[in-house]
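Please treat every number below as a calculation from the coordinates, not as lab data. Model, not experiment: these values are computed from the prediction. In this analysis, Cβ positions are derived from the backbone assuming ideal geometry, glycine residues included, and neighbour counts consider all displayed protein chains.
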Amino acid sequence: MKRNYAGIPDKYAEYSNAKVVLIPVPYDGTSTWQKGADKGPDAFLDASENMELYDIETNQNTYKIGVNLQDPVTENSSPEAMVEAVHAKVKEQIENKKFVTTFGGEHSISIGTIRAHYEKYPNLTVLQLDAHADLRPEYEESKCNHACAVHEASKNTNLIQVGIRSMDDSELVHMNKEQTYFAHKMFDNTDWIEKSLSQMTKDVYITIDLDVFDPSECPSTGTPEPGGMRFYEVTSYLKKVFATKNVVGFDIVELCPNQVSKASDFLAAKLYYKMLSYKFKNA
């Protein structure tokens, strides 16, 4: 029996009726510390099925816009092959005029999603919420490593990085410091919000590594870093992005579920649904 996102009724899950497609990518081929991000999509879907679907903030049942759950991208013969498979899948759905969302898996999956979107939108801003810079041109003999997740975006899009608090000094040469918002400068100063919004072009793609959150709120991620953002800090910022820009797609990555606590799974589920609620408010 085919699974529906969040257990929604079939009429809202059918492809022909859906404004949104959700593509799971259970890939964990390049993680360098804790493995388990390949289990992230299933944990996210399990939590979504046990989440209330009325969004209080926007006063709507967002799922009624239609969300079609696609078959997962399971290519894992190499990082490069996975990126190509994700790129092809996302590009196909963009051409079919769907709002494409992707759930990883580790952050290397975003190389393909971002590539498909900047090919469609030539003046694209990529908004990255992340603890790590992910700007290495190559790592462990691959340009498609999780440590390289936004290097290609830095060369082909208007990249804005938010929440960064861990990086190698070799990445500095690839970083636009005027458009990088370090966590230690954000926590007691909100000027970064309006400044970052002013730096965005009309069309924005969002990639969220769940380690952008403080580990006290989202511990189940591959490489947690202290000093992260809080849930309402993230969602209030995203609400402004959705309200003022044309968000053309997004991905969420690096959920690394554990059997002891399911809180991170539900945070990811809520975040995804909240982002749809902002995108399709009063749709």
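Size of the range 35-83 from its Cα atoms: along the principal axes, largest to smallest, the extents are 44, 22, 16 Å. Annotation: peptides 112-123, 172-183, ranked by per-residue average of other Cβ atoms within 10 Å with the highest first, follow the order 112-123, 172-183. Think of it as helices only: each DSSP H run of n ≥ 4 in the chain is worth -39500 (n - 2.57), and spread over all residues that comes to -9500 deg cm²/dmol at 222 nm. Computing Rg and the Kirkwood Rh from the Cα coordinates of the range 180-283 gives a ratio, Rg/Rh, of 0.97.
Using equal-weight Cα scatterers in the Debye expression, the normalised intensity of the range 7-122 in log10 at q = 0.17, 0.20, 0.23 Å⁻¹ is -0.89, -1.11, -1.27. Three semi-axes describe the equivalent ellipsoid of the range 5-279; taken as square roots of 5 times the Cα gyration tensor eigenvalues and ordered largest first, they are 25, 21, 20 Å.
Along its principal axes, the range 149-240 has C-alpha extents of 34, 31, 22 angstrom, given from the largest down.
Residues whose amide H lies under 5 Å from that of residue 159, counting only those 5 or more places away or on a different chain, are 126; hydrogens are built 1.01 Å from N in the peptide plane.
For the range 155-171, putting each phi into the Karplus relation 6.51 cos²θ - 1.76 cosθ + 1.60 with θ = phi - 60° gives couplings of 9, 10, 9, 8, 8, 10, 10, 10, x, 5, 8, 7, 6, 9, 5, 5, 7 Hz, in residue order, rounded to whole numbers and with x for Gly and Pro.
Give the residue list of trypsin sites (Lys or Arg not before Pro) in the range 1-82 that are DSSP loop and have at most 14 other beta-carbon atoms within 10 angstrom. Sparse-neighbourhood loop trypsin sites (Lys or Arg not before Pro): 2, 3, 35.
The relative contact order of the range 5-279 comes to 22 percent, based on Cα pairs under 8 Å that sit 6 or more residues apart.
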